[in-house]
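What follows is one structure encoded as structure tokens, with my remarks underneath.
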Amino acid sequence: MVTVESRFGVPSEEIAYKTLDGETIIINLVNGVYYSLPGVGSEAWELIASGRSLAEIAAILSARYGIPSDVVAADLVRLADQLVTENLLGPDSGSDTAGELPLPSPAERVYQAPALQAYRDMADLLALDPPTPGIVFRPGLAGSTDAPIG
Amino acid sequence: MTTSDSIPGLVSCIVPVHNGARFLGEALASIAAQRYQPREIIVVDDGSTDDTARVASESGVPLRYLRQEQSGGPSARNHGMRMSRGSFFAFLDADDRWHPDKLTIQMARFVARPELDISLGHVQNFWMPEVDAERIKLAGHRRAAPIPGYTASTLVARREVFDRLGPFKAEMKHGEQTEWFLRARESGAEIELLPDVLLERRLHGDNVSRHKAEASLAQYFELLRGHIERVRRNDPVPPLPP
């Protein structure tokens, strides 16, 4: 059960993510489903992935956006519950929580409750050759960039 | 289903290859063994420095051998299409093998469904001895079972589809096939994925996907981001210039 004291980790062999221009895109490499978390959701994801508790994240976002921390905490619990249901988060793996994320620019500092958007339309396209460096066993490859086509 | 269900001799088979001498002969033999005989087989040698040219010439398979400076797999596929004469395109990577009935099955589908633009099948991976540890590790894994084959090597497509959508993006070194299939899907092309295993995909120590996994991940993120934006705008991907 997700509570404000919960901490999480990202299963690195199964989940890949990248934040581009304030939007985090997450791919579940196991089933090809991918997700978008724009705005506050993107900040929340990065903070969750850093191993902070939801209460700690609520305090950070509350200060950034001037929103009561209990409101933010409730949104975070709801978001984390969705992320766990989608198998995007696992148990905390003791991630390094050092380092602050940069503040968004003043024009962007409007709080909107994080909203996870799921896209299930490309699972078959990504099934054959998922970009899964963590899954593939590498038997001492030379690392050549001049590899055969195939 | 027999060859009489479809019109023979319409397919150009394009085999891009770079330093693929080790397995090219097997790939070509699997095309030659097709019950549905293609119109032509075109080997596009992408700047190989090994025995690729000799293997092609000594394969005993009637083919056209084209050579280009090394520009990557998508560029080689595009070059093969430009030089081809068939009404349909099929591709085979030089380390993989087609099922003997691949073209028979797929060309029959174009007869049965005149509206069909693109036919695809499933892929069965197989492992060479040098990566046997991977085979053991993946026993029971979904990658050891037949996988939906959104890849050029299972594809048979009408020439008109490439005329309409444009070729593979030659500047992409990985993920260009996913990008093309995404373009096809977003354009409303009629795509059929058959349940049949039509391709045996060889996993060995030099698969490009092993070397490029990190780079391909970055390109997938760009692809997905563009797709998400178009879905939000309900705006299909524009075709590339031919």
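The values are calculated or read from the model by the stated rules, or taken from the named source; none is laboratory data. This is a predicted model, so every value here is computed, not measured. When we count neighbours, we look across all protein chains shown, and the Cβ atoms used for this are built from the backbone with ideal geometry, even at glycine.
Data for the structure
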| quantity | calculated |
| --- | --- |
| Condition broken by B:L63, with the remaining ones in (1) out of contact with any helix residue (DSSP H, G or I) (no Cβ under 9 Å at 6 or more places or on another chain); (2) surrounded by 15 or more Cβ atoms within 10 Å (Cβ to Cβ); (3) more than 21 Å from B:L198 (Cα to Cα) satisfied | (1) |
| Residue in the stretch A:11-20 that is under 30 Å from B:H141 (Cβ atoms) and touching a Lys or Arg at 6+ places or on another chain (Cβ under 6 Å) present | no |
| Residue that is surrounded by the fewest Cβ atoms within 10 Å (Cβ to Cβ), among those in the stretch A:13-27 that are β-branched (V, I, T) and touching a helix residue (DSSP H, G or I) at 6+ places or on another chain (Cβ under 8 Å) | A:T19 |
| A:L101 modelled with pLDDT of 95 or more and part of a loop (DSSP other than H, G, I, E, B) | no |
| Condition broken by A:R52, with the remaining ones in (1) touching a helix residue (DSSP H, G or I) at 6+ places or on another chain (Cβ under 9 Å); (2) under 22 Å from B:L217 (Cα atoms) satisfied | (2) |
| Selected residue (criterion: farthest from B:S153 (Cα to Cα)) from residues of the stretch B:37-90 that are polar (S, T, N, Q) and part of a loop (DSSP other than H, G, I, E, B) | B:T49 |
| Of all residues making up the stretch B:10-36, the number that are surrounded by fewer than 24 Cβ atoms within 10 Å (Cβ to Cβ), touching a residue at least 40 places away in the same chain (Cβ under 8 Å) and not in a helix (DSSP H, G or I) | 6 |
| Residue among B:K173, B:K137, B:K169 that is over 23 Å from B:R202 (Cα atoms) and either surrounded by fewer than 22 Cβ atoms within 10 Å (Cβ to Cβ) or of a type in the set (A, V, I, L, M) (or both) | B:K169 |
| The lone exception for B:R159 - which of (1) at positive phi; (2) modelled with pLDDT of 95 or more; (3) of a type outside the set (D, E) it fails | (1) |
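Conditions (1) out of contact with any Gly (no Cβ under 6 Å at 6 or more places or on another chain); (2) under 19 Å from B:E200 (Cα atoms), marked per residue:
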position: B:I14; (1), (2): no, yes
position: B:V17; (1), (2): yes, yes
position: B:G20; (1), (2): yes, yes
position: B:F23; (1), (2): yes, yes
position: B:A27; (1), (2): yes, yes
position: B:S30; (1), (2): yes, yes
position: B:E40; (1), (2): yes, no
position: B:V44; (1), (2): no, no
